[in-house]
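Enquirer: Right, I'll just put the structure down here and ask away after.
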Amino acid sequence: AVSGVQTCARTICIGQLGNGSTLDSITPVAVSAITTATSVAAGSSHSCALLASGGVQCWGNGSNGRLGNGGTVDSSTPVAVSGITTATSVSAGSFHSCAVLASGAVQCWGFGSSGRLGNGSTADSSTPVAVSAITTATSVSAGGAHSCALLASGGVQCWGLGSSGQLGNGGTVDSNTPVPVSGITTATSVSAGSAHSCAVLASGGVQCWGFGSAGRLGNGGTLDSNTPVAVFRISNATRVDAGDTHTCARLTNGEIRCWGSNSVGQLGDGLGALNATVPQFVGTCTLDLDGDGTVSPTTDGLLLVRALLGFSDNAVTANATGPNAQRNTWIAIKTHLQRKCGVPGLAP
């Protein structure tokens, strides 16, 4: 960098850390003057916090009005979102933001292209506008160019860009007002990703819809779907988060499973850059099955072959674990293969 000239390759000098500076930081810095936050949401280049008072403050990139304060200027410190005093949740998308109010209404602000603000228009708004006809929302999720709201009834409605089926209503047309997601009546949470969406059902199952590339819908395929499809082998989810090109679910036992693109290891499965069209366990997969610190064909290789052939108990472990084995029982080896390596269908 030239002396006296600041370079901001990642932050683009727009202050999305909220600490009054436009410098990058590799350690956490305190967001200025916020002391009563109850939740925070980070978008593409801006962030918003929900305060205990019901107010919302945002900071970072102000273009298209995504900070909600009536302007389009960047801010490196939090600014109050105009007129919101009873918010119960907030979500920051790529270029827009949305909040649920105590009344059950939803308001959005920022970039309006494709109808992502849900107010019947495609115009930008630098102050919050009411999403049409939603009065019983319990949560909202702002995605790439669309948004989805969970209703008290268990239904889900989405609005905005629909080109990949991410609105879930059976079509691929944009909508600047909310449309019901087909067949979902018992949702407990919803998440809008870059071009796909997912919901957890009361049964613990997960369903996703929209852009299917890289397997981000989790149904074993890579095709788009404009109606919800069931995520493979998940029946005890409590939460789902749809990202840019991958998705993760938290299960009742505390485990995390992820699926979709793994180009930079975002699935956390330790299996390199291989995409996954079905959920994978988050963890470190190693072929040192007996955990003695070395990978040996005469121990670990034999254990793996026996397990994949359908053997169990002593039929797997007999004379096949090293002298320093940390996993020398079938249940320990099976658990490792299932939870760390995602190997299904092993013998009891």
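The values are calculated or read from the model by the stated rules, or taken from the named source; none is laboratory data. Since the structure is predicted, the reported quantities are computational estimates derived from the model, not experimental observations. Reconstructed Cβ throughout: ideal geometry from the backbone, glycine too, with neighbour counts over all protein chains shown. Note: accessible area is taken over every heavy atom of the protein model, side chains too, but ligands, DNA and RNA are not part of it. Shrake-Rupley method; radii C 1.70, N 1.55, O 1.52, S 1.80 Å.
Enquirer: Only residues that are touching a helix residue (DSSP H, G or I) at 6+ places or on another chain (Cβ under 9 Å) and either open to solvent by less than 40 Å² (accessible area, probe 1.4 Å) or farther than 21 Å from ALA145 by Cα (or both): list them for segment 48-72, please.
Expert: Passing the criteria: only GLY71.
Enquirer: Let me ask you something else. For residues that are within 26 Å of ALA42 (Cβ to Cβ), without any contact (Cβ under 8 Å) to a residue 60 or more places away in the chain and open to solvent by 20 Å² or more (accessible area, probe 1.4 Å), tally how many sit in segment 162-193.
Expert: Residues flagged as within 26 Å of ALA42 (Cβ to Cβ), without any contact (Cβ under 8 Å) to a residue 60 or more places away in the chain and open to solvent by 20 Å² or more (accessible area, probe 1.4 Å) within segment 162-193 amount to 3.
Enquirer: Checking ALA315 against (1) over 35 Å from the mean Cα position of the chain (by Cα); (2) assigned to a loop (DSSP other than H, G, I, E, B), which single condition isn't satisfied?
Expert: It is condition (2) that ALA315 fails.
Enquirer: Name, by its number, the condition in (1) outside any loop (DSSP other than H, G, I, E, B); (2) among the charged types (D, E, K, R); (3) at pLDDT below 90 that does not hold for ASP269.
Expert: Looking at each condition in turn, ASP269 falls short on (1).
Enquirer: Among the residues of segment 203-217, write down those that are closer than 23 Å to SER139 by Cα and crowded, with 21+ Cβ neighbours inside 10 Å.
Expert: VAL206, GLN207, CYS208, TRP209, GLY210, PHE211, ARG216, LEU217
Enquirer: Residues that are under 23 Å from GLN107 (Cα atoms), open to solvent by 10 Å² or more (accessible area, probe 1.4 Å), part of a loop (DSSP other than H, G, I, E, B) and of a type outside the set (Asp, Glu): does segment 194-202 have at least one?
Expert: yes
Enquirer: Then there is this: Where residues in segment 234-270 are in contact (Cβ under 8 Å) with a residue 60 or more places away in the chain and more than 15 Å from the chain's Cα centre (by Cα), which of them is most open to solvent (accessible area, probe 1.4 Å)?
Expert: Only one residue tops the list, namely GLY270.
Enquirer: May I ask you to verify whether THR38 is touching a residue at least 60 places away in the same chain (Cβ under 8 Å) and either among the β-branched types (Val, Ile, Thr) or in a loop (DSSP other than H, G, I, E, B) (or both)?
Expert: no
Enquirer: Tell me which of these THR286 doesn't satisfy, since it passes every other one: (1) more than 30 Å from ALA230 (Cβ to Cβ); (2) modelled with pLDDT of 85 or more.
Expert: Condition not satisfied by THR286: (2).
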